[in-house]
Structure formats: C-alpha cells, structure tokens
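Notes to accompany the following structure.
What follows draws every value from the coordinates through simple rules; no lab data is involved. A quick note: this is a predicted structure, and the numbers were derived from the prediction, not measured. Glycine also receives a Cβ, built like all others from the backbone with ideal geometry; neighbour counts cover every protein chain displayed.
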Amino acid sequence: MWLQRAVRLSPRPRGFHLVTAEVLEALPELGEISVGVLHLLIQHTSASLALSENASPEVRRDFEAWFDQAVPEGARYWTHTLEGEDDMPAHVKAALLGPSLTLPLRDGRPALGTWQGIYLCEHRDRGGPRSLIATTWGETGG
Amino acid sequence: MWLQRAVRLSPRPRGFHLVTAEVLEALPELGEISVGVLHLLIQHTSASLALSENASPEVRRDFEAWFDQAVPEGARYWTHTLEGEDDMPAHVKAALLGPSLTLPLRDGRPALGTWQGIYLCEHRDRGGPRSLIATTWGETGG
Amino acid sequence: MWLQRAVRLSPRPRGFHLVTAEVLEALPELGEISVGVLHLLIQHTSASLALSENASPEVRRDFEAWFDQAVPEGARYWTHTLEGEDDMPAHVKAALLGPSLTLPLRDGRPALGTWQGIYLCEHRDRGGPRSLIATTWGETGG
C-alpha cells in the first residue's frame, strides 16, 4: 500500500512548534497499516522538521535560543543578505536540522518514544504556511 | 518482505560509541535481503544515531569535545534546567545529529563505505539502555 | 519496483555544490515511478548531502563560511590531527548535515519544493570523487 499526500501546515511564528497532532490528523489512512514507514518532507529551505521532547514549552524556547546564538543574524560572514537578516541563518538552521523525518509505523501509528513529538522548526520571522509531502508505504491488515 | 523489531542497546557512558556490530547482530534476517533498506529510529530525545568514522577512538572523543563546547552546559540561555545540566544540551545535540539512520541494503548487509560505522551518540551522563526500532523492507532471494 | 545503483560524483573543491542534475541524470529509471522514494547515501565520513536553496551561489558560499567558523580547524580540542587539519572538522560537519537524503517521488521525479536542490557538501580540501548509493522503490505505471 502506498499513500502520498500534500499536507499544509498553518503559519507559525518563528520558533519551534509541536505539530504531531496536526500532521497525524491529516493522514487518517495510517490506521490501516500494520507495519510500514511514514516519510515527511518539508518543501522549503528555511524551515525544518525534527523529533524532540513533546512536553515542555521551555524545551522548544531553549531550542530557539540556542539556534539564534549559534547561527546569528548580522554576522560578518553573511553575504546573502538581500532577502532579510533572518534568511541566510534560516537556511543554515534548516540544513542542520534537516528537511525530512522517516518514522516507523506499527499497528497504525508512528512507533515513537514516549517523549518524542514532531517539531515544525520555523526559522523565518514570517514563514507563512508550510507544505509537507507525506509518503507512506507498508503492509495493511493484521 | 518486512521486518520490524525493537533492539535494546546496552547502557553507555556519555560520549560517542561504535555500535555497528551490536545492531547488526540483533538483525540476522538482513542476510536474506538482496536489495532493500534498513531504517533505525532511536526512541529518545537525548541520544542520537550517526554514521561516521569507524576506526579511530580519537575521532569519537573529538566528537564529544566539539559538541560539548558547541552546546555548553550552564549557558545563560537555558531555561529548562530542572532535569539536570546535561538535559537541555542533550536535546539540542540529539536534534543536530538526528534520531534515525536510513541505510541501503545490498546482498544481505548495509552498503556502507569502508570507513563508515554506526554511532550511538549518548548525550546524557547516565542515559541508561536505549531503545531502537529497526524496520527493514526489500526483496529476498537473488 | 526496486533499483539500486552506485553513482560517482566527480571531484569538487571544498565547499557546497549543487548536484541535483548530476544525480538525476544518473537515474533515468526514476521516470517510470508514479509514486515512490529515492534514497541517497554518501559512502564517506568527510562529505555529506543536504537539501537547500538552489539558486544563489552566495548561499552556498555562506554555508561554507558558517561551517568553517562553527567547526574550526586548529582548535585546541582536536586530538585526531594526523590526517590533516581539515580531517576532523570534516567528520563533524558531515555528521551535522548527515550522510543521506530520502526524497519522495511523484510522477517520475523528486517532489521537491521550488527552491530545493541537492547539495554535495565537500568538507575536505581534496576529497576526490565521491560515491553515492542510490536506492529507489515504488510503484510504476499510472
């Protein structure tokens, strides 16, 4: 069984956002898969996906704090500055975290750890809605 | 052919550890796959998986040194500190390296480069045993 | 349908290089796949693959600038220095960006965003040709 679908995430402000529920609600057919894989690609170069702690808002705020100091705006080495101060740091942050997640499916849902959730990492000040391509393959029934 | 199995890695101290043999020994059925894929997900948010140099212990020690200075404990920007000084840096390190590996299989084993090995990156002082979900799909026979 | 093939990328100087066309031209059979996945693994520990902005050479130059200052040669914490000053930083950079890409296929080609392209990230001064393993699986016809 194959399923491929575009999923549009509503706009978020710059920062790290838990989107596990929003993503899974867009993919009700996952419930039919006994063993398989879910792949998510974000079709942008200034936002990324990650898997991290799903409970504390402080963790997500600290992610933003670390990335902002590690990949600073206004650094002397940036030359690609025409699209705004937040643009080039956003490309680097997005590449560090990566544009995709590959998740095992078992009994109709991602086999995540207890504390794992899907983050949308929005690296632009005003990134707008973000498009994902969700691709699923696996065995149905049981 | 699909195979999905939990693999439990024995506890390691904080640092970068070569676990290629431990992982593959837990998955003897890979030998039946002529062409396919092995996906590994670590079900934790303070440890990660990576593919890097499989020979020198110095390389793994230098990884720890770099990550410790790049994502320092005790930095002024951390607010999520209740679970210990090593906790929030562990989440960031884990996200930078990523929670999963996707490896091509050919003739019954991962088609890695000569110098590539699987690292368990343990970012907590005492992380305990770590759980992986190994998922394999592909064609058997030849 | 499964396809697995070695793809050899011609040598590049240290830096970030757009290789989307070179990779896809080596995989003409992708055109037969209606829905599927393309996985690319670079079989090296001092070069990596990334998906980022496909238009501006400045972006690729700024990537090199950021990584060179974030993972500096000659830092006091490196102990693995026998293979050259660029070797150990190359391992860390490669692990941060990762050795593989997993891309959804739709109607015979990767379903990338408008601005996304495949980067070969060459972290050695003289890395030579780089080997990829390309693995594709999916449904044919339409």
Taking interchain pairs and intrachain pairs at least six residues apart, which have beta carbon atoms under 6 angstrom, with the first residue in region A:22-45 and of a type in the set (Gly, Ala, Ser) and the second not in a loop (DSSP other than H, G, I, E, B)?
A:Ala26/A:Val7; A:Ser34/A:Glu139; A:Gly36/A:Leu105; A:Gly36/A:Trp137; A:Gly36/A:Gly138
Examine region B:82-89 for a residue that is in contact with a strand residue (DSSP E or B) (Cβ under 6 Å, 6 or more places away or on another chain), within 16 Å of B:Gln116 (Cα to Cα) and not in a helix (DSSP H, G or I), and state whether such a residue exists.
no
Give just the number: which of (1) under 13 Å from the mean Cα position of the chain (by Cα); (2) away from chain C (no Cβ under 14 Å); (3) among the hydrophobic types (A, V, I, L, M, F, W, C) does B:Ala26 not satisfy?
(1)
For residues that are more than 8 Å from every other protein chain (Cβ to nearest Cβ), among the basic types (Lys, Arg) and either within 18 Å of the chain's Cα centre (by Cα) or farther than 25 Å from C:Val71 by Cβ (or both), tally how many sit in region B:32-88.
1
Among the residues of region B:91-142, what is the count of those that are surrounded by fewer than 21 Cβ atoms within 10 Å (Cβ to Cβ), in a strand (DSSP E or B) and within 7 Å of chain C (Cβ to nearest Cβ)?
2
Can you pull out the strands (runs of 3 or more DSSP E) entirely within region C:1-63 that have at least 1 residues that are out of contact with any Ser or Thr (no Cβ under 9 Å at 6 or more places or on another chain)?
C:13-18, C:47-53
Can you confirm whether region B:104-112 contains a residue that is farther than 24 Å from A:Ala111 by Cβ, in contact (Cβ under 8 Å) with a residue 40 or more places away in the chain and among the charged types (D, E, K, R)?
yes
One residue from A:Phe67, A:Phe63 being within 30 Å of B:Val7 (Cβ to Cβ) and surrounded by 23 or more Cβ atoms within 10 Å (Cβ to Cβ):
A:Phe63
